[in-house]
Amino acid sequence: MSTHESEVCIIGGGITSAMMAQKLSELRPGISITVVEAGKSIFDFENRFKYRERMVRYGENPWPGDFIEGQAADGGISRTMAVGGQALHWGGTCNRFSVEDLRLKSMYGLYADWPIEWAELEKYYCEAERRLGVSGGPSPFPGDKRSQPYPMKAMALTWSLEKLKQWGDKSGIPFQSTPQAKNTVAYDGRGACQRCGTCDICPTGARYSPDFTFKRLLAQKKVVLHDRTLIRKLALDDTKPTVVAAHGVDARGEEVDYRAKAFVVASGYTWSSHLLLLSANSRFPNGLANRTDQVGKYMNGHAFIQSMIEIDHDILPGMNPQYGLISRQFFRCSPSDPYVRHDLRIWEAGRATPRAADSSGRILLGDDIVKDWRARSPRGVARVRAYYDVHPAETSELTLDASRKNKWGDPMPKIVHRRDAATEARYESTKQHVQSIFERMAQNDNGKILRVNEGDYLDHPAGGCRMGIDPAASVCDNFGRTHDHENLFVVGAPTLPTAGCTNGTLTFVALTLRSAEEVARNFKKV
Amino acid sequence: MQRRSFFQRIPVAVAAVFAPRWARAQPIDQPIHELASVVLPASFGRERTDIVAADFLVWIRDYKPGAEVGSGYGHPRTQVTGPSPAAHYAEQLSALGSPISKEAVEKALAAAKVDRIPPRPNGRHVAADLLAFFFASAEGEDLLYDAAIRRDDCRGLENSGPRPARFS
């Protein structure tokens, strides 16, 4: 067995790990930081065009080998496990939560308040936007306060988005461009977006991904990265509730130990709770940081309803397919009104697919296919989606599934989302509210709702180690420090009490940057 | 077709001509070109259907069975590409006779119960697969929308505001 010592050991290699490592290395230059990631490093930026081409032409995975066979959660939404994590694939959307997200109990009598003020979080939103490189424009809503402008101007609207914005605005719902971690000018050593339309793998590097941060930190020798090393258990000191080691297994199957003064679990919404549960011992029989049985509880995310709406506009799909519009009008809800909060998004969409036979069964070839397609789908199509706020029950949980084990014999996680009673009670009225908005939008420009469907999973998931003041109802404080172990932190997605009603990554990063300051306070400035 | 797009496709066709002999010598090479001239829009012109045919042959040659594919989002699954869809192309092309007629293709597609163009070539019939290859491509979409969107090009942020030029 090999042993590695450092001052800080970060477990996980995704976006929050990258931000934690970067900021810690700035706050405490010279501090030794080891990052341990189960997946591999995919640092071959020079091959991204090749991977992109294979994805476009054959549907191949643009991040080859970004998963570990047999290491997957039942109920997870992504299998990605690599240095960079899910933010290798992400679309770069960087929406902020609103004050209401953090004040559910005090404003609406629902679920719980977050143990942090929005004004405090806002400072870190600005920092997150600066570090990730976010382009965005001002909000038309005064409630969307900002203390600093976006680092970059918003991406220009395409022909299609300009038409869609005109259409959306006619409903009295102001839309704006969605803020994204995509460069609109050269920024932080990366070029401006070239509108390649394949943000799943950005071949130019204009969209932020954590591999850039790790490569820079490694080049500057500010971190040590051990990839393809799975941490299986955290171990405590014999007498104190202090974490002293992380036990893992490396790519060769050899056992490896990491010893550090502070441990930061930055393993995302699935693997953070999973590791704490796997780390059960005689003093913490339900897992570390789990004296009050809160680890793996309150798994959250937001639900969504989507509609395809045909309109009298010349909408051309593919102009910048992952770029869309957002309205934050429904982020706010008067406490005197029935509770419903959601974002509202619009993207360009394709029309019907061409067909090889008409309704009578006559085979179509050549120009007849084109004529048939144009006759069937002469108008533009908008994809409209609302991510709406739902609150988890305590039993919305991640558990260890003894029936599914990895090759090391560890039970794999099973996630089952359950909503609290108040959320269930307002389900029909929420659905009707969103449907009425789709109908309101379809009243303009001869709109016709083609179809409406609901997501059958919770998107942008989080939770499992929620932060709070009361140790009986939470796993960690608002810095991510676990209530039970002074030197053990959990950062990012797992700490969120709720997932709000829009993409969570910027919030994960903002909270992590705040946690980094607290971790740094444990170490003297050199 | 935009001049620029057309010239962008030429290297593909040239690459096919200068491909290794084993690839050039595919017995399906000439019939695929002939089939393309029958099933692809005539308004596209023979020169351009030849370029699509050559690109399709390159696509077939470079297809990798068993390659990882995107696992999807929401309900991820480990998936790989299936066997090459081209396994029966030679016999399917042969059954179409020579010269390939529109009627022969219609009969073959009806017999293969092809009523929709698959999202990607799937091996059910070479004619349907050629249509799938073309209409799923950036050029195929540009033809349908009559706009040089150039979906697969890295086009820069400038000039994304105006409507793309007509494709035809």
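Which of the three applies to region B:29-168, rounded, prolate or oblate, going by the alpha-carbon gyration tensor with a ≥ b ≥ c and a/c under 1.5 meaning rounded?
oblate
Over the whole of A:152-159, what's the average partner chain Cβ count within 10 Å per residue? Rounded to a whole number, please.
Counting other chains' Cβ atoms within 10 Å and averaging over A:152-159 gives 3.
If one computes the Cα centroid of region A:427-482 and of region A:354-408, what distance in Å separates the two points?
With region A:427-482 and region A:354-408 each reduced to a Cα centre, they are spaced 20 Å.
Within region A:270-311, report the trypsin sites (Lys or Arg not before Pro) that DSSP leaves as loop and that have at most 12 other Cβ atoms within 10 Å.
Answer by residue number: A:Arg283.
Starting at 0 and stepping by 5 Å, how many percent of the alpha carbon pairs of region A:222-299 end up in each bin?
Per 5 Å bin, starting at 0, the Cα pair percentages come out as 3, 14, 24, 26, 18, 10, 4, 0.
Just the number, please: percent antiparallel of the DSSP beta bridges in the protein assembly as shown, rounded to the nearest 5.
Here the share of antiparallel DSSP bridges comes out near 70 percent.
Give the Rg/Rh ratio for region A:137-207, taking Rg as the radius of gyration of the Cα atoms and Rh as the Kirkwood radius, to two decimals.
With Rh from the inverse mean 1/r over Cα pairs, Rg/Rh is 1.01.
On average, how many beta carbons from a partner chain sit within 10 Å of the beta carbon of a residue in A:312-319?
Neighbouring Cβ atoms belonging to other protein chains average 5 per residue here.
Under the √(5λ) rule applied to the eigenvalues of the Cα gyration tensor, what semi-axes describe the equivalent ellipsoid of region A:306-438? Give them in Å, descending.
Three semi-axes, in Å: 39, 27, 14.
Got a sec? How would B:Lys102, B:Lys113, A:Lys261 order by Cβ neighbour count within 10 Å, fewest to most?
B:Lys113, B:Lys102, A:Lys261
Determine the calculated [θ] at 222 nm for chain A from helices alone, applying -39500 (n - 2.57) to every DSSP H run no shorter than 4 residues and normalising by the residue count; nearest 500 deg cm²/dmol.
-7000 deg cm²/dmol
For region A:97-176, what class follows from the C-alpha gyration tensor (a ≥ b ≥ c being the square roots of its eigenvalues): rounded when a/c is under 1.5, otherwise prolate if a/b is larger than b/c, else oblate?
Cα axes put region A:97-176 in the oblate bin.
Give me the inter-chain shielding for B:108-117: mean count of other chain Cβ atoms within 10 Å, whole number please.
Other-chain Cβ atoms within 10 Å of each residue's Cβ, averaged: 4.
Which whole-number percentage describes the relative contact order of chain A, with Cα contacts under 8 Å and a sequence gap of 6 or more?
22
Using alpha carbon coordinates only, what is the Rg to Rh ratio of chain A, with Rh defined as the Kirkwood radius?
Answer for chain A: 0.98.
Can you give me the distance in nm between label points at A:Asp367 and A:Asn522, each placed 7 Å from the Cα along the Cα-to-Cβ direction?
Here the modelled spin labels are 7.3 nm apart.
Return one number: the angle in degrees, 0 to 90 and rounded to the nearest 10, between the long axis of the Cα atoms of helix A:118-132 and the longest principal axis of the Cα atoms of chain A.
80
Using Cβ contacts closer than 10 Å as the measure, can you line up A:Met299, A:Met319 from fewest to most?
So the ranking, lowest neighbour count to highest, is A:Met319, A:Met299.
Can you give me the Rg/Rh ratio for region A:170-251, using Cα atoms for both radii and the Kirkwood formula for Rh?
Taking Rh as the inverse mean 1/r over Cα pairs, Rg/Rh reads 1.22.
Past the 24 Å Cα-Cα mark, which pairs from A:Lys221/A:Lys261; A:Lys105/A:Lys297; A:Lys50/A:Lys165?
Beyond 24 Å: A:Lys50/A:Lys165.
Within region A:109-188, which trypsin sites (Lys or Arg not before Pro) sit in a loop by DSSP and count at most 14 neighbouring Cβ atoms inside 10 Å?
Those satisfying the criteria are A:Lys145, A:Arg146, A:Lys153, A:Lys170.
Under 30 Å Cα to Cα from B:Lys113, which lysines show up? Leave out anything in the same chain fewer than 8 places away.
A:Lys371, B:Lys64, B:Lys102
Given that compact globular proteins tend to follow 2.2 N^0.38 Å, what is the ratio of the alpha-carbon Rg of region A:354-423 to that value?
With N residues counted in region A:354-423, Rg over 2.2 N^0.38 Å equals 2.24.
Please order A:Arg103, B:Arg150 by the number of other Cβ within 10 Å, starting at the fewest.
A:Arg103, B:Arg150
Values in this text are rule-based calculations from the coordinates and carry no lab data. These numbers were taken from a predicted model, which means no experiment stands behind them. Positions of Cβ are generated from backbone atoms using ideal geometry, with glycine treated the same way; all protein chains shown enter the neighbour counts.
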